[in-house]
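**Student:** One structure coming up, written as structure tokens, with questions to follow.
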Amino acid sequence: MREIKVSATTHLTALFENRSVLSSKKSKSASDSRAQEIEIFFEMLAITNFTAQPFASSYAESHDITLHEWRVMRVIAVHPACSQRDITNHLGLDKMTVNRAVVRLENAGRVAKTINPNDRRETLLSLTEGGLKLHDEIASHGIERVHRLFTGINAAERDQLHRMLERLLANIRDISTD
């Protein structure tokens with residue numbers, strides 16, 4: 001029996017396109033473009049996963065905080081007096097995940113809620129003194145890791161990457177509202 005070698009990217013592209021790897025009738029360039037898109041997508045996932053790995057060993061147990069809770073805290077620190085809807089939209093997490101994180105953070109004394117004076121139906125979130133202290137501690141350790149992630153990428157390349165990521169975020173938000 002002849003062994004057929006197919007790259008993971010080609011196989012994933014086929015899965016996303018709901019077709020057989022062996023019976024593709026797409027042009028080579030279109031297929032290569034799709035394969036590259038899938039590869040880039042999984043590289044972005046890998047970057048996210050690799051950058052999040054130290055969190056569990058460094059902070060999750062010692063501070064009784066989950067990665068989702070940390071991400072919620074980070075949004076609140078950067079955008080004080082934001083709502084759960086703002087956090088959901090910013091992080092792309094579902095409402096229940098954000099709600100669970102906020103409840104745990106509030107119960108731990110890391111987040112405080114206030115009623116939005118402009119819309120009394122909405123609750124605004126801010127970090128407590130303890131929440132801000134924990135945020136600053138965790139963030140300070142991550143700064144060097146982020147800096148190392150961008151080693152070898154100059155300012156113009158970072159600007160270009162930032163613009164491309166903004167377009168990808170806009171695209172996925174459009175897709176999510178379909």
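**Student:** Go through the stretch 55-70 and give me each residue that's under 16 Å from Leu134 (Cβ atoms), in a helix (DSSP H, G or I) and hydroxyl-bearing (Ser, Thr, Tyr).
**Tutor:** Ser58, Tyr59, Ser62 - these are the residues of the stretch 55-70 that are under 16 Å from Leu134 (Cβ atoms), in a helix (DSSP H, G or I) and hydroxyl-bearing (Ser, Thr, Tyr).
**Student:** Give Gly131, Gly109 a once-over and let me know the one that is part of a loop (DSSP other than H, G, I, E, B), surrounded by 10 or more Cβ atoms within 10 Å (Cβ to Cβ), in contact (Cβ under 8 Å) with a residue 12 or more places away in the chain and over 16 Å from the mean Cα position of the chain (by Cα).
**Tutor:** Values: Gly131 fails: part of a loop (DSSP other than H, G, I, E, B).
The unique qualifying residue is Gly109.
**Student:** Now, a different point. For residues that are farther than 17 Å from Thr48 by Cα and not in a helix (DSSP H, G or I), scanning just the stretch 71-100, find the one that is farthest from the chain's Cα centre (by Cα).
**Tutor:** So in the stretch 71-100, the residues farther than 17 Å from Thr48 by Cα come out as 73, 76-89, 94-100.
Subsequent filtering for residues that are not in a helix (DSSP H, G or I) retains 79-83, 94.
Values: His79: 16, Pro80: 19, Ala81: 21, Cys82: 18, Ser83: 18, Asp94: 12 Å.
Top of the filtered list is Ala81.
**Student:** For the stretch 36-83, enumerate the residues that are surrounded by 12 or more Cβ atoms within 10 Å (Cβ to Cβ) and in contact with a Ser or Thr (Cβ under 7 Å, 6 or more places away or on another chain).
**Tutor:** Residues satisfying the conditions are Ile38, Glu39, Ala60, His68, Ile76, Pro80, Ser83.
**Student:** For Ser126, are the conditions met, namely being assigned to a helix (DSSP H, G or I) and either more than 21 Å from Ala56 (Cβ to Cβ) or polar (S, T, N, Q) (or both)? Working first, answer last.
**Tutor:** Details: assigned to a helix (DSSP H, G or I): no; either more than 21 Å from Ala56 (Cβ to Cβ) or polar (S, T, N, Q) (or both): yes.
No: the conditions fail for Ser126.
**Student:** Out of Ser27, Ser20, Ser31, Ser57, report the one residue that is of a type in the set (Gly, Ala, Ser), on the phi < 0 side of the Ramachandran plot and modelled with pLDDT under 55. First the steps, then the outcome.
**Tutor:** Working: Ser27 fails: modelled with pLDDT under 55; Ser31 fails: modelled with pLDDT under 55; Ser57 fails: modelled with pLDDT under 55.
Being of a type in the set (Gly, Ala, Ser), on the phi < 0 side of the Ramachandran plot and modelled with pLDDT under 55 holds for just one of Ser27, Ser20, Ser31, Ser57, which is Ser20.
**Student:** Continuing with the same structure: Ser29: polar (S, T, N, Q), farther than 22 Å from Leu93 by Cα and touching a residue at least 40 places away in the same chain (Cβ under 8 Å), yes or no? Steps first, answer last, please.
**Tutor:** Values: polar (S, T, N, Q): yes; farther than 22 Å from Leu93 by Cα: yes; touching a residue at least 40 places away in the same chain (Cβ under 8 Å): no.
No; evaluated as a whole, the condition is false for this residue.
The values are calculated or read from the model by the stated rules, or taken from the named source; none is laboratory data. All values reported here derive from a predicted model rather than from experimental measurement. Positions of Cβ are generated from backbone atoms using ideal geometry, with glycine treated the same way; all protein chains shown enter the neighbour counts.
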